[in-house]
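Just below is one structure, and these are the notes that go with it.
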Amino acid sequence: MTKLIINGYRGRMGQALLECAAELPDLNVVGRVDAGDDLGAVIDQADAVIDFSFHEATLPTARLCAERGKALVIGTTGHDESVRVQIAACSSSIPMVWASNFSTGVNTLFWLTRKAAEVLDEGFDLEVIEMHHRLKRDAPSGTAATLLEILRDVRHRGRDVVRHGREGIVGQRTNEEIGMHSLRGGDVVGDHTVMFAADGERVELTHKASSRNTFANGALKAARWAVGKNAGLYDMQDVLGLK
Ligand code: NAD
């Protein structure tokens, strides 16, 4: 039996996690924490903490997990680079699974994006498009940020090549740039497209999520996988054996 605490349980993802965990007999949610609650008061009852809360909450959560020796699954997005480094440092003493997206489909999209970028050479212009519900606070999505990272890695390009939206007389598209476009509206759970556009042809890889349960079940799988693992920083590709 894996004992879990859900951080951010009142939110959309928190509720999906509680609903999905209730269906899994080997998982037991022993604590629910949200803004204003004290994670420190309940953490000792758990084997792992799952954090789908707010970007400012992740670092204190990671520090507490490291201090108390608890596995941590992070789904929260929107951290800036300096905070990311500090969160990652906590994985030197605990197993930490940190993924911008826990769905099996999106992790397959990550894998396919790397393969496509390796095969489709510099003649193909790269653009990423994402769409989410109107209440989402950060942009671009964490998943889109991972897609950009994969594309930059394969093409050996720095962060400065990412072009967030275009407006006005922006000039012709350069070969180096990677376009990034965030759409917001309605109740869209999460759509992502990576576009490879060349003269005469175009490849589009698209994933559309229609239920948060896909992320929740992935995060629960990650928590079950993480407990008992060696300290270190893992992602969903490790959990799914895609590496
Ligand atoms: P939400 O706004 O519905 O819920 C967030 C919850 O966190 C709220 O209940 C809020 O009160 C709580 N919270 C805020 N500050 C807190 C704190 N200091 N301590 C504990 N709880 C706190 O948001 P959501 O749609 O559930 O998404 C939550 C996060 O998960 C976002 O960052 C989102 O981008 C991310 N997300 C990740 C994935 C993934 O697969 N990795 C999928 C969906 C959403």
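Each reported figure results from applying straightforward, stated rules to the coordinates on display, with no laboratory input. Remember, it's a predicted structure, so these values are computed and weren't measured experimentally. Cβ placement follows ideal geometry from the backbone for every residue including glycine, while neighbour counts extend to all protein chains displayed.
Comparing N217, G228, V203 along the charge dipole axis of the range 186-229, the residue lying farthest to the positive side is G228, per the Cβ-charge model. This ranking places M13, M96 by how few other beta-carbon atoms lie within 10 Å of each, fewest first, which gives M13, M96.
Report the percentage of all Cα-Cα pairs in the chain whose separation exceeds 22 Å, rounded to a whole percent. Result for the distance tail: 54 percent.
Computed from backbone phi with θ = phi - 60° and the Karplus coefficients 6.51, -1.76 and 1.60, the 3J(HN,Hα) list for the range 194-206 is 10, 10, 10, 10, 10, 5, x, 7, 8, 10, 10, 9, 10 Hz; x is used for glycine and proline. For the pair E167 and R184, label points projected 7 Å from Cα toward Cβ lie 1.3 nm apart. Computed from backbone phi with θ = phi - 60° and the Karplus coefficients 6.51, -1.76 and 1.60, the 3J(HN,Hα) list for the range 25-42 is x, 8, 10, 10, 7, 9, x, 10, 10, 9, 3, x, 8, 9, 4, x, 6, 10 Hz; x is used for glycine and proline.
Only bridges whose two residues both fall in the range 104-209 count here: according to DSSP, what percent of them are antiparallel, nearest 5? For the range 104-209, the DSSP antiparallel bridge percentage is about 60.
So, by mean Cβ neighbours within 10 angstrom, what's the order for 156-169, 29-42 with the highest one leading?
Numbers: 156-169: 10.6, 29-42: 15.0.
Ranking, from highest mean packing down: 29-42, 156-169.
Separation of the alpha carbons by more than 27 angstrom is noted, of K70/K221; K208/K243; K3/K136; K136/K208, for K3/K136. Look at where the Cα atoms of the range 2-80 and of the range 126-181 average out, and the two centres are 30 Å apart. Each of I87, L148, V194 was placed along the dipole of the chain (beta-carbon charges, centred on the mean Cα), and the one lying farthest toward the positive end is I87. This ranking places C65, C20 by how few other beta-carbon atoms lie within 10 Å of each, fewest first, which gives C20, C65. Between the residues I43, V29, Q15, the greatest Cα displacement towards the positive end of the dipole of the range 1-54, with unit charges on the Cβ of Lys, Arg, Asp and Glu, is found for Q15.
Potential lengthening of the chain between R137 and R10 amounts to 44.1 nm, from the contour at 0.36 nm per residue minus the alpha-carbon distance. For the chain, the antiparallel share of DSSP beta bridges with both residues in that region comes to about 35%. In this rough spin-label picture, where each label sits 7 Å from Cα along the Cβ direction, the K3-E118 distance is 4.3 nm.
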